[in-house]
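K.L.:
Structure incoming, see below.
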Amino acid sequence: MIAPVALAQTPQSEGASTLQELVVTATRNQATADKTPQKVTIITREEIEQQLAINNDPGQVLGNLIPSYSPGRQKLTNAGESFRGRAPLFMIDGVPQTNPLRDSARDSYTIDFSMVEKIEVIHGASAEHGLGATGGIINFVTRKPEGGQMNQSVSASATTDDDVSTDGQGYKLGYRLSGQKGSWEYLAGLTYQERGVYYDGKDERIGIAYPGEIQNSESYDVLAKVGYWLDDNQNIELFVNHFDLEGNGDYVPVVGDRDNGVPTTARRGDPDGAPGFNEVTTARLSYTHDDWLGNRVDAQLYRQEFRARFGITPYFPYVDGNGNNQFDQTRNESDKLGAKFTLTRAGLFDDHLTLTTGLDLLQDETSQKLVKTGRTYVPESQFRNIAAFLQGDVFITDALSIHGGLRQEEAELKVDSYSTIDRSNITQDNVRVGGGKPDFSETLANAGVVYQVTEAAQVYANYSEGFGMPDVGRVLRGIGDPGQDVDTLLQLQPIVTDNREVGARFNWDRYQVEVSYYESDSDFGERLTEENGVWVGSREKTEIHGWEVVAKADVTDRHRLGLSYTYASGESDTDGDGRVDQDLTGINIAPETVRATWSAAWTPNLSSHLRYTQYMNRDVDDDELDFDGYGLLDGSLAYQSRVGAFSLGIENLLDEDYFTYYSQAARVSDEYYFRGRGRTVTVGYAYDF
């Protein structure tokens, strides 16, 4: 639900809370954000509401709030939305949303942000939650029940382009109920949203993407949470969230001309096939005990069901019974079942040592079908993973601490024998591939140090390793040579990423600065390349490095300024000689970015927020994927009255005409050559009772 922001005495700003005493639940030892040996960003509920007052697109919200996260694509996909040049692990309350076997590139579109209390971000490769976090961890922490027997909230918002076009309008409705009674606590929420088409800075419709769209779509989210306190230290909680987003299918693309600067647009029409959708159910049963024989115990059982349909594309042709050429569309199905067990013992050796140990279990079953013909595009693959870990935090003095740990990953992939599709007709006997059970064993390490130089200055250094699978589905579906089997395919080897980072935090009462430099290397990484319109994962050595600077200043009690700067560069080894030789393009690397914010509380009831983002030019070895930068200004006003809270948000306030970063820098395509969204206005209302 969109709730207008009512800033109190201390307004919040960009990249916030990296220095506050906030517990990061995404860390297994429940560390605080200012005592970790790596960069951590906590995005508060207030910041989320500031963004939702302007825009509801998860990709754009994350791109605006997380340093080194790529600009949002404004589509139903986060392909090309990298984090420090690699893939992040998305989680909801610790439950993984990322699909390791067949990346649908929709991992951030599994919950409505109105249901999220805060977003915890761990920068850089991490093995704390196992598979998938080669770029970092993004954990959506859901709302908690409020005190009192019954608390209710209703909200509504309306969105339109600046010409108030009939088909450019949308709306969103929300309701939330929560409370506590005796040992019980509960929360329920519901949102429903209708989205119109998008218009660019020249008042033309923005083109429809084949895989899936958030424009001209509808979605709903239903969340339920109930908890019971066994005593003052023990709690059991059941959580279920169901998210559904589906296109309305009222428009078809009008293909552009990239060479001549003509964007892909859209016109009314009936597209072939059914619109794309995301349908995701996440369930979690957790148990915590704050004092079991002096230890903290956290146990979690979870399940996630992910279904995604992609639009008709020209890459899956077949000949029907009448001899006519037809096109197909794909559907991903992924089911995860897992458990996490964590035991933490603090206060050892006179409060100088904290030990955290645990065990993680995961089973993932994934397949990809061609909807119209029933052909198997990616065979059913089963991934089983068991991991044990031990983490130690040693507080040598009040100023110096060292941190380190090991995680042992044991994994097995099972794929039965199958046939790849014959793209020329409806049969499925192109290439026969033998099944197999390749297994992997990896020991992952992390080590770090934090030193409080002065009361206001702190330095840290960190080494961490992340573990991920290549996109198994891309490998299995793309086999064209006969006589191969799953056991011997080199491309199925895991991706292990080494992350090295040094940084400094400064906190001078009203002024805070954090500076970090990182290097991220993988001897056998994965670089996406486009071949005949299909993305293929090329297994290559990759090296990435970058800077992140975040500063904020409480100029007065009512005015806060924020400034952030991020830079990243990377190369890959394309000729296999062991040395990197070619620039990574926009499908992997975010542009150099400068972002400035100003948040103000003019009165106890009236507040404002302005954000300016400048994406810098970027040149790479492939001239066709050079990037011409652009700048965007967003703003919002919020007013808290006795009868509710009102908000006004304007995206792209200056109506900048630009082509998105992905369209310019990630792929050379007439079909995917999109302008970005022009000036867009959102008005909102929320009432708590």
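The values are calculated or read from the model by the stated rules, or taken from the named source; none is laboratory data. None of these values were measured; they are calculated from a predicted model. When we count neighbours, we look across all protein chains shown, and the Cβ atoms used for this are built from the backbone with ideal geometry, even at glycine. Accessible surface areas use protein heavy atoms only, side chains included; no ligands, DNA or RNA. Shrake-Rupley method; radii C 1.70, N 1.55, O 1.52, S 1.80 Å.
Yes or no, residue by residue, for (1) acidic (Asp, Glu); (2) open to solvent by 10 Å² or more (accessible area, probe 1.4 Å); (3) under 26 Å from Phe310 (Cα atoms); (4) at pLDDT below 95:
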{"position": "Pro58", "(1), (2), (3), (4)": "no, yes, yes, yes"}
{"position": "Leu89", "(1), (2), (3), (4)": "no, no, yes, yes"}
{"position": "Pro100", "(1), (2), (3), (4)": "no, yes, yes, yes"}
{"position": "Ser108", "(1), (2), (3), (4)": "no, no, yes, yes"}
{"position": "Phe140", "(1), (2), (3), (4)": "no, no, yes, no"}
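K.L.:
Looking for something over 31 Å from the mean Cα position of the chain (by Cα), within 23 Å of Arg500 (Cβ to Cβ) and among the polar types (S, T, N, Q) - is there at least one such residue anywhere in the range 435-455?
P.N.:
yes
K.L.:
Suppose we keep only residues that are acidic (Asp, Glu) and surrounded by 13 or more Cβ atoms within 10 Å (Cβ to Cβ) within the range 436-468. Which one would you say is modelled with the highest pLDDT?
P.N.:
So, considering only residues that are acidic (Asp, Glu) and surrounded by 13 or more Cβ atoms within 10 Å (Cβ to Cβ), the one modelled with the highest pLDDT is Glu465.
K.L.:
Step by step: first the residues of the range 473-501, then only those that are among the acidic types (Asp, Glu) and outside any strand (DSSP E or B), then the one that is farthest from His403 (Cα to Cα). Which residue is that?
P.N.:
Asp481
K.L.:
Ok, one more. Consider the range 371-394. How many of its residues are of a type in the set (A, V, I, L, M, F, W, C) and either crowded, with 19+ Cβ neighbours inside 10 Å or out of contact with any strand residue (DSSP E or B) (no Cβ under 9 Å at 6 or more places or on another chain) (or both)?
P.N.:
The number of residues fulfilling the criteria is 4.
Conditions (1) modelled with pLDDT of 95 or more; (2) out of contact with any helix residue (DSSP H, G or I) (no Cβ under 7 Å at 6 or more places or on another chain); (3) open to solvent by less than 10 Å² (accessible area, probe 1.4 Å), marked per residue:
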site: Ala596; (1), (2), (3): yes, yes, no
site: Leu610; (1), (2), (3): yes, yes, no
site: Leu648; (1), (2), (3): yes, yes, no
site: Asp657; (1), (2), (3): yes, yes, no
site: Asp670; (1), (2), (3): no, no, no
site: Thr682; (1), (2), (3): yes, yes, yes
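K.L.:
Which numbered condition in (1) surrounded by fewer than 23 Cβ atoms within 10 Å (Cβ to Cβ); (2) under 22 Å from the mean Cα position of the chain (by Cα); (3) at pLDDT 95 or above is the only one that Trp535 fails?
P.N.:
(3)
K.L.:
Scan the range 323-337 and report the pairs whose first residue is basic (Lys, Arg) and whose second residue is surrounded by fewer than 17 Cβ atoms within 10 Å (Cβ to Cβ), with Cβ atoms within less than 9 Å and a gap of 6+ or a chain change.
P.N.:
Correct list of pairs: Arg331/Arg307; Lys336/Arg303; Lys336/Glu305; Lys336/Gln363; Lys336/Glu365.
K.L.:
I need the full set of residues from the range 479-490 which are open to solvent by 60 Å² or more (accessible area, probe 1.4 Å) and either among the polar types (S, T, N, Q) or under 19 Å from Ser367 (Cβ atoms) (or both), in order please.
P.N.:
Listed by number, the residues that qualify are Gln484, Thr488.
K.L.:
Quick check on this structure: which one of Ser104, Ser114 is assigned to a loop (DSSP other than H, G, I, E, B) and either open to solvent by less than 10 Å² (accessible area, probe 1.4 Å) or of a type in the set (Ser, Thr, Tyr) (or both)?
P.N.:
The unique qualifying residue is Ser104.
K.L.:
Checking the structure you have, find out if any residue of the range 126-134 is polar (S, T, N, Q), in contact with a Gly (Cβ under 9 Å, 6 or more places away or on another chain) and open to solvent by less than 50 Å² (accessible area, probe 1.4 Å).
P.N.:
Yes, that holds for at least one residue.
K.L.:
Suppose the filter is open to solvent by 40 Å² or more (accessible area, probe 1.4 Å) and of a type in the set (Phe, Trp, Tyr); does Tyr287 pass it?
P.N.:
yes
K.L.:
For residues in the range 562-589 being at pLDDT 95 or above and open to solvent by less than 20 Å² (accessible area, probe 1.4 Å), which is farthest from Glu47 (Cα to Cα)?
P.N.:
Taking the candidates together, the pick is Ala568.
K.L.:
Under the condition of being closer than 26 Å to Glu380 by Cβ and part of a loop (DSSP other than H, G, I, E, B), which residue from the range 89-101 is farthest from the chain's Cα centre (by Cα)?
P.N.:
So the residue we want is Leu101.
K.L.:
Let me ask something else. For the range 204-221, check the following and say yes or no: at least one residue is touching a Gly at 6+ places or on another chain (Cβ under 6 Å), among the hydrophobic types (A, V, I, L, M, F, W, C) and either open to solvent by less than 10 Å² (accessible area, probe 1.4 Å) or under 22 Å from Gln329 (Cβ atoms) (or both).
P.N.:
no
K.L.:
Ok, one more. Under 9 Å between Cβ atoms, which residue pairs at least 6 apart in sequence (or on different chains) link something in the range 273-298 that is under 19 Å from Phe90 (Cα atoms) and among the basic types (Lys, Arg) with a partner that is open to solvent by 40 Å² or more (accessible area, probe 1.4 Å) and at pLDDT 95 or above?
P.N.:
Arg284/Leu238; Arg284/Val240; Arg284/Leu301; Arg284/Arg303
K.L.:
Given the range 133-209, what strands (runs of 3 or more DSSP E) lie entirely inside it while holding 3 or more residues that are farther than 18 Å from Ala53 by Cα and within 26 Å of the chain's Cα centre (by Cα)?
P.N.:
136-142, 184-195
K.L.:
Could I ask something else about it? Name the pairs: first residue in the range 150-178 and under 20 Å from Glu651 (Cβ atoms), second residue loosely packed, with under 15 Cβ neighbours inside 10 Å and of a type outside the set (Ser, Thr, Tyr), Cβ to Cβ under 6 Å, at least 6 apart or on different chains?
P.N.:
Tyr171/Ala158
K.L.:
Tally time: how many residues in the range 368-402 are over 20 Å from Glu442 (Cα atoms) and touching a residue at least 40 places away in the same chain (Cβ under 8 Å)?
P.N.:
20
K.L.:
Exactly one condition in (1) out of contact with any Pro (no Cβ under 8 Å at 6 or more places or on another chain); (2) part of a strand (DSSP E or B); (3) polar (S, T, N, Q) is false for Gln215; which is it?
P.N.:
Every condition holds for Gln215 apart from (2).
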